[in-house]
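Enquirer: Starting off with a structure, shown below.
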Amino acid sequence: MISAGGETTKPIEIEIAPGWLPADGISTSILKATIRDLSGTLAEDGTIVKFAAGEDFQDVDGDGYYTEGVDQLRYDTNGDGKWNPIGIIAPYALTQDGVAEVTYTAGFRTGTAYIKVTTGPAGQQIQDYNTILLVPADTVAYIVLTSEHPIIQVRGTGGGEATQITAVCYDDNGNRVDEDFPVEFYIINGPGGGENLNGEESEPVIANTNPYGEARVTLSSGTVSGTVRIRAKAGSILSYSTIVTICAGPPFDISVGVLPCNIRGWDKDCVEADLCACVVDIYGNPVPDLTAVHFSTEEGMVHSSDQTEDGCAYTKYLSGDPRNNGLAMIWAETIGETGIVRDSTVLIVSGPPASVKFLSYPQSLLADGISKGCVMVDVRDVNNNFVVGGTPVKMKTNFGSVASGVTSDGCYASLYETELISEVLTQDYSMPSPYLDDGVGVLNVLTAKSGFVSASVYVTFLTGYTYSKNCEIDMETQVPYGATVPIVVIIQDRYGNPLGGHEIVADQSRTTNGTIIGTGYTNAFGEAAGFTFTAASGGGETAIVTLCDEDPRGKVCIAKKIKLGED
């Protein structure tokens with residue numbers, strides 16, 4: 001049991017049992033606050049007593065609770081600059097026989113929780129506080145294993161040869177455990193060059209946790225470079241392994257690359273590209289820092305040398321003379337144990353677009369407004385090299401629609417891909433014969449332009465067969481008895497394209513209550529004129545007017561019902 005101390009006549013006397021709890025979020029203590037007046041008389045039943053549990057603060061306004069911007073934080077446990085509650089406690093309770101009793105539930109964070117007790121009317125409040133200690137659990141739930149330096153050097157090369165390995169042990173609630181927990185460290189695998197933990201090459205090493213839940217050992221490198229994997233164990237709990245790289249021997253291999261892979265430098269000077277050369281030893285480890293790497297090229301120029309950092313050296317390429325074929329060969333080299341180690345790469349130094357070529361496009365499309373075909377355009381410079389990615393390509397089509405865009409990617413291709421979408425035509429633009437439908441609506445021109453060069457191809461927009469539901473007999477809907485009226489026939493396919501060159505004939509055999517005469521061919525707008533209908537002088541009130549499409553792509557008859565007689 002914990003007492004606030006002092007004389008029994010103290011206005012507030014606080015007892016907490018038990019005085020410490022595991023920081024598990026469920027354990028509880030009973031807090032009793034005994035309230036007396038100055039004469040030592042217990043407070044009346046029903047007196048309000050306020051409680052606050054958390055970081056320590058000065059209650060400036062005396063209301064019993066932390067007020068942001070008014071009260072002052074005395075002890076910031078987690079260093080976040082603001083007051084935080086620790087655990088759970090009722091905000092107030094009423095006295096009975098002078099005692100207010102509440103239950104405190106532990107939080108999940110270890111440390112000291114300050115419990116402030118306040119009572120009394122406004123302006124006459126009295127306060128006191130007590131503390132409860134929240135401790136970690138007595139078992140390790142998981143381990144976080146880290147290395148101070150993930151990379152150290154081979155023994156005797158003048159660099160850092162050791163690194164500290166730290167195992168931080170936590171309980172189930174994420175709190176660091178207390179001191180004196182034994183932790184076993186061991187090497188899972190390594191290059192086998194004498195690397196060791198605290199001097200032990202093969203045997204596990206045991207270290208105890210400090211007051212912060214940390215256990216430490218030292219990994220020292222051997223004479224062979226490579227990767228060391230280390231693991232820690234506390235009881236039956238294993239950590240994930242941590243990796244330390246021991247580097248490195250003399251240069252064994254070098255790889256050079258350039259970014260971007262293509263620059264617009266054929267017609268422009270001092271356009272830059274970034275070069276990177278990575279050097280490794282025989283085990284694939286990055287060579288030590290400050291290893292010298294030399295660069296050269298046969299076209300344009302490079303800054304000639306640099307020193308490695310983390311195994312890589314960097315420099316820049318700049319476009320300029322001499323210029324050969326726009327493919328700049330770049331070399332990187334360094335001195336290895338047995339001589340020069342070298343690698344090369346190619347940078348495309350491209351110019352403006354000099355040629356445009358259609359690699360694929362639809363030879364024909366149905367003129368229905370929805371049919372589409374893939375269009376792929378290849379753009380090259382004067383050396384037939386790929387142009388830089390993102391070079392604009394402007395597409396144009398006389399009919400239908402096609403989107404413009406930019407090339408990609410300039411490294412392995414220089415292509416722009418899009419789609420040509422057909423459209424429904426307003427007339428038949430392809431009438432090689434006025435007396436026959438060739439099934440072609442228009443010979444469309446599709447053009448791709450990049451820079452000042454372009455290329456064009458033809459795409460045939462095809463029309464369909466005559467579709468009677470889209471055809472029309474254009475004439476008066478009511479004809480007086482004995483009167484003669486002109487007729488125009490409109491022929492279209494299923495999609496609404498006008499069909500030219502179709503022979504249209506009057507069909508008297510299917511025409512009633514009158515006489516129809518005439519023969520004609522549809523024009524580019526699908527219209528055929530020159531037909532007349534003469535109504536009978538009397539008889540029926542309606543007539544059927546019939547005409548037939550005799551074209552091989554037609555072979556349908558259309559009819560219209562009209563009224564006879566005066567209005």
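Readers should treat all values here as calculations from the given coordinates under stated rules, not as data from a laboratory. Note that the structure is a prediction, hence the values are computed from the model and not measured. Because the Cβ atoms are built from the backbone with ideal geometry, glycine has one as well, and the counts that use them run over all protein chains shown.
Enquirer: Can you pick out the pairs among 469/561; 316/394; 32/82; 372/469 whose Cα atoms lie more than 22 Å from each other?
Expert: Those over the limit are 316/394; 32/82; 372/469.
Enquirer: While we're on this one: Which value, in Å³ per residue, describes the convex hull spanned by the Cα atoms of the chain?
Expert: 363
Enquirer: Work out, step by step, the length gained on full extension between residue 408 and residue 202: first 0.36 nm times the residue separation, then minus their alpha carbon distance; give nm to one decimal.
Expert: 68.6 nm
Enquirer: P(r) for the stretch 309-374, please, calculated from all Cα pair distances in 10 Å bins and given in %.
Expert: Bins of 10 Å from zero give 12, 26, 19, 15, 14, 9, 3, 0 percent of pairs.
Enquirer: Could you sort the peptides 147-154, 539-546 by per-residue average Cβ neighbour count (10 Å cutoff), highest mean leading?
Expert: 147-154, 539-546
Enquirer: Then there is this: Tell me, what is the FRET efficiency for residue 561 and residue 363 to the nearest 0.05, using R0 = 45 angstrom and their Cβ-Cβ distance as r?
Expert: 0.55
Enquirer: May I ask you to derive the FRET efficiency for residue 148 and residue 398 from their Cβ-Cβ distance with R0 = 56 Å, giving the value to the nearest 0.05?
Expert: 0.20
Enquirer: Sticking with this structure for a sec: If r is the Cβ-Cβ distance from residue 455 to residue 510 and R0 is 35 Å, what FRET efficiency results, to the nearest 0.05?
Expert: My answer for the efficiency is 0.10.
Enquirer: Here's something else I'd like to know. Any idea how far the Cα center of the stretch 49-87 sits from the one of the stretch 481-517, in Å?
Expert: First find each Cα centre; the distance between them is then 96 Å.
Enquirer: Over the stretch 483-553, one equal point on each Cα, no solvent: what is log10 I(q)/I(0) by the Debye formula at q = 0.25 Å⁻¹?
Expert: -1.04
Enquirer: Taking only the alpha-carbon atoms of the stretch 142-247, what semi-axes of the equivalent ellipsoid follow from 5 times the gyration tensor eigenvalues under a square root, in whole Å, largest first?
Expert: Semi-axes from the Cα gyration tensor: 26, 12, 11 Å.
Enquirer: Taking residue 10 as the anchor, which aspartates and glutamates have their alpha carbon closer than 14 Å to its alpha carbon, excluding any fewer than eight residues away along the same chain?
Expert: 37, 128
Enquirer: Separation of the stretch 415-429 and the stretch 266-336 by C-alpha centroid, Å?
Expert: 48
Enquirer: Would you list, by chain and number, the aspartates and glutamates whose Cα falls below 12 Å from the Cα of residue 396, excluding same-chain residues fewer than 8 positions away?
Expert: 419
Enquirer: Something else now. For residue 563, which aspartates and glutamates qualify as cross-link partners when the Cα separation must be under 20 Å and same-chain residues fewer than eight apart are set aside?
Expert: 472, 474, 476, 507, 541
Enquirer: Using all Cα-Cα distances in the stretch 2-135, what percent lands in each 5 angstrom bin from 0 up to the longest?
Expert: 2, 11, 21, 23, 20, 14, 7, 2, 0
Enquirer: Related question: Using the 10 angstrom Cβ neighbour count as an exposure proxy, how do 42, 564, 145 rank, fewest first?
Expert: 42, 145, 564
Enquirer: What list do you get for 303, 294 if you sort them by fewest beta carbons within 10 Å?
Expert: Ordered from fewest to most neighbouring Cβ atoms within 10 Å, 303, 294 come out as 303, 294.
Enquirer: Viscosity 0.890 mPa s, temperature 25 °C: what is the translational diffusion coefficient of the stretch 113-157 from Stokes-Einstein with a Kirkwood Rh over Cα pairs, rounded to a whole number of µm²/s?
Expert: Calculated translational D: 146 µm²/s.
Enquirer: Convert 25 °C to kelvin, take the viscosity as 0.890 mPa s, use the Kirkwood radius over C-alpha pairs of the stretch 239-307 as Rh, and evaluate the Stokes-Einstein diffusion coefficient in µm²/s, rounded to a whole number.
Expert: 169
Enquirer: Run the numbers for residue 10 and residue 26: contour at 0.36 nm per residue of separation, minus the present Cα-Cα distance, in nm.
Expert: 2.6 nm
Enquirer: Sticking with this structure for a sec: Looking at the stretch 28-113, which trypsin sites (Lys or Arg not before Pro) are DSSP coil and have at most 16 other C-beta atoms within 10 Å of their C-beta?
Expert: Answer in residue order: 74, 82.
Enquirer: Please work out how much length the chain gains when fully extended from residue 340 to residue 445, using 0.36 nm per residue of separation minus the C-alpha to C-alpha distance, in nm with one decimal.
Expert: 32.0 nm
Enquirer: Right, another one. Taking the Cα atoms of the stretch 450-499, report the difference between the largest and smallest coordinate on each principal axis, in whole Å and largest first.
Expert: For the stretch 450-499, the Cα spread along each principal axis is 69, 22, 11 Å.
Enquirer: Another one. Report the relative contact order of the chain, percent, no decimals, based on alpha-carbon pairs under 8 angstrom and at least 6 residues apart.
Expert: That works out to 7 percent.
Enquirer: Let me ask another. Write down the radius of gyration of the stretch 259-368 and its Dmax, each obtained from C-alpha positions, in Å.
Expert: Rg and Dmax of the stretch 259-368, Cα atoms, are 19.6, 72 Å.
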